[in-house]
Amino acid sequence: MDLFDKITKNLGPIGQHYEWSHGYFSFPKLEGDIAPRMLFNGKEHLTWSLNNYLGLANHPEIREVDGRAALEYGLAYPMGARMMSGNSAHHETLEQDLAAFVGKEDGYLLNYGYQGMVSIIDALVDRNDVIVYDAESHACIVDGVRLHMGKRFVYRHNDIDSCEKQLIHASKLTRQTGGAILLITEGVFGMSGVQGQLKEIAALKKKYGFRMLVDDAHGFGTMGPTGAGTHEEQGCIDEVDIYFGTFAKSMAGIGAFVASNRDIITYLRYNMRSQTFAKSLPMPMVLGLKKRFELLKSNPQLRENLWTIARTLQNGLRERGFDIGTTNTMVTPVFLKGDLNEATALTRDLRETHSIFCSIVVYPVIPKGLIELRLIPTAVHTLQDVAYTLEAFTAISTKLSAGYYKQDVSLSSE
């Protein structure tokens, strides 16, 4: 069979719907300044789909620094990979400051979060080592695990008994191979909003001798008394051996960082292929990130505003009988019962009638028969935004229960 023939006959579980979904349900275009209200299909929408947790994306001080840095350095400098010719004092200062903030000795800047996590896993383990990881880990973790040439064991999501069973299997195997165990979990699971059981997992370290890598993409900047992360929130900073955070969420930027003890970061600097063979983060982004980080640390009211909006939204949804799962973070999923036809019709009604834009999640990401509307509160949403959204969700829920959305999935996007 020709490779292209095989691909075009099977575009995948999501891609198979592209003809009617592209540009509206998939790959939509939000335009205008990044804010709670943006343009979609030429019409202003109240937007709950941007990971701009602290509202820094369009902050005037950040816009000024971004623009000034672009004028001073351009987008090319520094040229080359960090190891060869792309290093700078600004890169080093930022990664050291980030590491100190999350309670670690040293840190290393990464070009992208997804790429970075894949490469961290690849660098840390060899064929004799065993990986133990949560069943609902983000795709970047799953892809990193796929690169692993040794054994891996997956435990039921946030299930400590299941986790310990897999650690027992891993321990037996590493006694044979002479390898080590790496356990990977998330600080905040981005689809459900549930915190990873970091403290409970850490309590097993002495018994099973593993090291713990935590992907805290959603927790960095939002969780804990100072925003240092979910490990700060749960009081187990020292027990997390390798901490990973991204800039695409609370810092509204590009890139990521990894933090650990100095020896491990030195090892990663010299062994992460995605960084060794990729261009360094451009200077305007680095200087912009430094400003974002400064505002994150010096403006606790941003985090307080985020949590005020999140708690008001979540409490309002619960009071109105909505199922928002067991979220204990700002991520707010709303679970409804319905099929793909109903999911698309409901989402269109939410956008066209109520001018609310939020992400829709269906099978295969979640089980068949469920619809997830995923709301991301930010520090720049208002209580009026919350009140309007609660009324709109009540209206669409009533219609869904009455069977109003049982219609053809191939609705046009005009």
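The values are calculated or read from the model by the stated rules, or taken from the named source; none is laboratory data. Since we're looking at a predicted model, the values are computed, not measured. Virtual Cβ from ideal backbone geometry, glycine too; neighbours counted across all protein chains shown.
Could you look through segment 122-136, keep only residues that are over 17 Å from the mean Cα position of the chain (by Cα) and not in a strand (DSSP E or B), and pick out the one that is surrounded by the fewest Cβ atoms within 10 Å (Cβ to Cβ)? Spell out the reasoning first.
From segment 122-136, those over 17 Å from the mean Cα position of the chain (by Cα) are 122-132; that's our starting set.
Of the ones still in play, those that are also not in a strand (DSSP E or B) are 122-129.
On the way: Asp122: 20, Ala123: 21, Leu124: 23, Val125: 24, Asp126: 13, Arg127: 10, Asn128: 15, Asp129: 22.
Once the filter is applied, the top-ranked residue is Arg127.
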Considering each of Leu268, Leu204, Leu213, Leu198 in turn, give the residue that is in contact with a His (Cβ under 8 Å, 6 or more places away or on another chain), over 23 Å from Lys297 (Cα atoms) and in contact (Cβ under 8 Å) with a residue 40 or more places away in the chain. Leu198
Being charged (D, E, K, R) and surrounded by fewer than 10 Cβ atoms within 10 Å (Cβ to Cβ) is the filter; apply it to segment 1-30 and report the residue that is nearest to Trp48 (Cα to Cα). Glu19
Cβ-Cβ below 8 Å, separation at least six or inter-chain, first residue in segment 65-78 and in contact (Cβ under 8 Å) with a residue 40 or more places away in the chain and loosely packed, with under 11 Cβ neighbours inside 10 Å, second part of a helix (DSSP H, G or I) and not hydroxyl-bearing (Ser, Thr, Tyr): which pairs? Leu75/Pro284
Tell me which of these Leu287 doesn't satisfy, since it passes every other one: (1) surrounded by 21 or more Cβ atoms within 10 Å (Cβ to Cβ); (2) in contact (Cβ under 8 Å) with a residue 40 or more places away in the chain. (1)
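Only one residue in Ala345, Ala310 is over 20 Å from the mean Cα position of the chain (by Cα), in contact (Cβ under 8 Å) with a residue 60 or more places away in the chain and either buried (at least 21 other Cβ atoms within 10 Å of the Cβ) or not assigned by TED's automatic domain parsing to the domain that holds Met223 (or both), so which one is that?
Ala345
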All-but-one check, Val286 against (1) assigned to a loop (DSSP other than H, G, I, E, B); (2) closer than 26 Å to Leu75 by Cβ, failing number (1)
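Quick one: count up the residues across segment 342-370 that are closer than 24 Å to Arg37 by Cα and of a type in the set (Val, Ile, Thr). Break it down stepwise before answering.
The initial filter retains those residues of segment 342-370 that are closer than 24 Å to Arg37 by Cα, namely 343-361.
Keeping just the survivors that are of a type in the set (Val, Ile, Thr) gives 344, 347, 353, 356, 360-361.
Adding up the residues that qualify gives 6.
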Would you say Gly193 is on the phi > 0 side of the Ramachandran plot and either in the same structural domain as Glu294 (by TED's automatic domain parsing) or of a type in the set (Asp, Glu) (or both)? yes
Do you know which of the residues in segment 237-254 that are part of a strand (DSSP E or B) and of a type in the set (Ser, Thr, Tyr) is surrounded by the fewest Cβ atoms within 10 Å (Cβ to Cβ)? Thr246
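Picking from Asp339, Asp323, which residue would you name as being among the charged types (D, E, K, R), over 24 Å from Ala35 (Cβ atoms) and out of contact with any strand residue (DSSP E or B) (no Cβ under 7 Å at 6 or more places or on another chain)?
Numbers: Asp323 fails: out of contact with any strand residue (DSSP E or B) (no Cβ under 7 Å at 6 or more places or on another chain).
Selected residue: Asp339, the only one of Asp339, Asp323 that is among the charged types (D, E, K, R), over 24 Å from Ala35 (Cβ atoms) and out of contact with any strand residue (DSSP E or B) (no Cβ under 7 Å at 6 or more places or on another chain).
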Residues (surrounded by 14 or more Cβ atoms within 10 Å (Cβ to Cβ) and either β-branched (Val, Ile, Thr) or not assigned by TED's automatic domain parsing to the domain that holds Phe244 (or both)) located in segment 258-276: Val258, Ile264, Ile265, Thr276
Going through segment 289-323 one residue at a time, which ones are part of a helix (DSSP H, G or I), among the hydrophobic types (A, V, I, L, M, F, W, C) and more than 12 Å from His381 (Cα to Cα)? Leu289, Phe293, Leu295, Leu296, Leu317
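Tell me the residue from Arg156, Arg146 that is assigned by TED's automatic domain parsing to the domain that holds Met283, over 17 Å from Val214 (Cβ atoms) and without any contact (Cβ under 8 Å) to a residue 12 or more places away in the chain, please.
Numbers: Arg156 fails: without any contact (Cβ under 8 Å) to a residue 12 or more places away in the chain.
Every option except Arg146 fails the conditions.
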For segment 1-52, which positions are among the small types (Gly, Ala, Ser) and in contact (Cβ under 8 Å) with a residue 24 or more places away in the chain? Ser21, Gly23, Ala35, Ser49
